[in-house]
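Next up is a structure, given as structure tokens.
The values are calculated or read from the model by the stated rules, or taken from the named source; none is laboratory data. Just so it is clear, the model here is predicted, and its values are computed rather than measured. Note that each Cβ is placed from the backbone with ideal geometry, even for glycine, and that neighbours are counted across all protein chains shown. Ligands, DNA and RNA are stripped out before the accessible areas are found, and what is left, the full protein with its side chains, is counted by its heavy atoms. Shrake-Rupley method; radii C 1.70, N 1.55, O 1.52, S 1.80 Å.
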Amino acid sequence: MKVNFSCKNKHSMGDRKHSNGPSSFFMQNPEIIFKELDIKKGNVFLDIGCGAGDYSFYASKFVGESGIVYAIDRSEEIIKNINSKKIKNIKTKITDITEYLPFEDKSIDICLLSTVLHAIPSNVQKNKIFFEINRILKDSGYLAIIECKKEEMHFGPPMNMRISAKELESMLNKYGFEQVSLIDLGYNYMIKFSAR
């Protein structure tokens with residue numbers, strides 16, 4: 001397992017909300033995140049709980065014309081904002097991510113859950129998400145999760161909602177995922193899992 005804790009946050013603080021909806025994208029350096037994601041041309045990338053769509057927009061450059069980015073969120077307004085950008089390789093769906101994910105088995109190369117998991121209150125709902133991600137990920141695919149560190153901060157979710165990297169690894173192991181890397185992003189961390 002690769003562990004890299006050298007990254008320091010050079011970007012703005014806090015979960016930033018702009019005209020397109022909530023986004024944690026500006027909390028950390030996207031170049032570090034996308035280098036670790038290692039998206040290839042032709043990949044199918046799924047942004048689960050996409051919010052403003054910042055990660056989807058960035059990923060669309062990497063997958064190229066032969067790839068697809070799916071941006072899913074339960075907010076019709078957010079999806080409408082993403083669609084207004086008219087980016088050809090981004091496809092959107094209005095979806096409750098705690099239910100069935102509307103994708104074929106083994107059809108996704110990379111799933112991203114960015115600062116979403118801590119906002120899902122029920123372990124039953126979290127478990128459903130992991131089960132569904134495992135179902136739709138290709139055998140060679142992986143899941144990347146960005147979450148707030150479990151540390152006292154003057155912004156972001158309260159401590160009782162935060163999930164540490166160790167807790168996340170323990171949760172995901174039960175669903176057939178194996179941790180492959182962990183990166184410190186300053187206020188957040190990103191942990192990457194492969195399906196076993």
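What is the residue count in region 112-124 for residues that are surrounded by 20 or more Cβ atoms within 10 Å (Cβ to Cβ) and aliphatic (A, V, I, L, M)?
Taking region 112-124 as the starting set, the residues that turn out to be surrounded by 20 or more Cβ atoms within 10 Å (Cβ to Cβ) are 112-117.
From the residues that got through so far, the ones that are aliphatic (A, V, I, L, M) too are 112-113, 116-117.
Count: 4.
Turning to a different aspect of this structure: Please report, ordered by residue number, the strands (runs of 3 or more DSSP E) entirely within region 96-196 with at least 1 residues that are over 16 Å from the mean Cα position of the chain (by Cα), over 14 Å from Gly49 (Cα atoms) and not polar (S, T, N, Q).
In region 96-196, 137-148, 177-184 are the strands (runs of 3 or more DSSP E) which contain 1 or more residues that are over 16 Å from the mean Cα position of the chain (by Cα), over 14 Å from Gly49 (Cα atoms) and not polar (S, T, N, Q).
Just to be sure before I move on: is Thr92 closer than 24 Å to Phe130 by Cβ and either at pLDDT 95 or above or touching a strand residue (DSSP E or B) at 6+ places or on another chain (Cβ under 6 Å) (or both) in the structure I sent?
So Thr92 fits the description; yes.
If you check Asp47 against the conditions, is it surrounded by 22 or more Cβ atoms within 10 Å (Cβ to Cβ) and either part of a loop (DSSP other than H, G, I, E, B) or of a type outside the set (A, V, I, L, M, F, W, C) (or both)?
Working: surrounded by 22 or more Cβ atoms within 10 Å (Cβ to Cβ): yes; either part of a loop (DSSP other than H, G, I, E, B) or of a type outside the set (A, V, I, L, M, F, W, C) (or both): yes.
Against the criterion (surrounded by 22 or more Cβ atoms within 10 Å (Cβ to Cβ) and either part of a loop (DSSP other than H, G, I, E, B) or of a type outside the set (A, V, I, L, M, F, W, C) (or both)), Asp47 qualifies.
Same structure again: Could you tell me which numbered condition Ala144 fails, if it satisfies all but one of (1) at pLDDT below 95; (2) closer than 23 Å to Gln28 by Cα; (3) among the small types (Gly, Ala, Ser)?
Single failed check for Ala144: (1).
Please work out which one of (1) open to solvent by less than 60 Å² (accessible area, probe 1.4 Å); (2) of a type outside the set (Gly, Ala, Ser); (3) at pLDDT 90 or above is the condition Glu178 fails and give its number.
All conditions are met except number (1).
Take the residues in region 81-111 that are under 22 Å from Glu36 (Cα atoms) and out of contact with any Ser or Thr (no Cβ under 9 Å at 6 or more places or on another chain); name whichever of them is surrounded by the most Cβ atoms within 10 Å (Cβ to Cβ).
Taking the candidates together, the pick is Cys111.
Still on this structure: Counting just the residues of region 161-194 that are touching a residue at least 60 places away in the same chain (Cβ under 8 Å) and of a type in the set (Ser, Thr, Tyr), which one comes out nearest to Lys35 (Cα to Cα)?
Filtering region 161-194 for residues touching a residue at least 60 places away in the same chain (Cβ under 8 Å) gives 179-188, 190, 192.
Keeping just the survivors that are of a type in the set (Ser, Thr, Tyr) gives 181, 187.
Numbers: Ser181: 12, Tyr187: 19 Å.
In this case the residue turns out to be Ser181.
Can you name the residue in region 7-59 that is of a type in the set (S, T, N, Q) and out of contact with any strand residue (DSSP E or B) (no Cβ under 7 Å at 6 or more places or on another chain) and, of all such residues, is modelled with the highest pLDDT? Even if it seems obvious, please write down each step before you answer.
Narrowing region 7-59 to residues of a type in the set (S, T, N, Q): 9, 12, 19-20, 23-24, 28-29, 43, 56.
So of that shortlist, the ones also out of contact with any strand residue (DSSP E or B) (no Cβ under 7 Å at 6 or more places or on another chain) come out as 9, 12, 19-20, 29.
Numbers: Asn9: 36, Ser12: 36, Ser19: 43, Asn20: 52, Asn29: 88.
Looking at the filtered set, the residue picked out is Asn29.
In addition: Just one of (1) open to solvent by 60 Å² or more (accessible area, probe 1.4 Å); (2) of a type outside the set (S, T, N, Q); (3) in contact (Cβ under 8 Å) with a residue 12 or more places away in the chain; (4) in contact with a helix residue (DSSP H, G or I) (Cβ under 9 Å, 6 or more places away or on another chain) trips up Phe131, so point out which.
All conditions are met except number (4).
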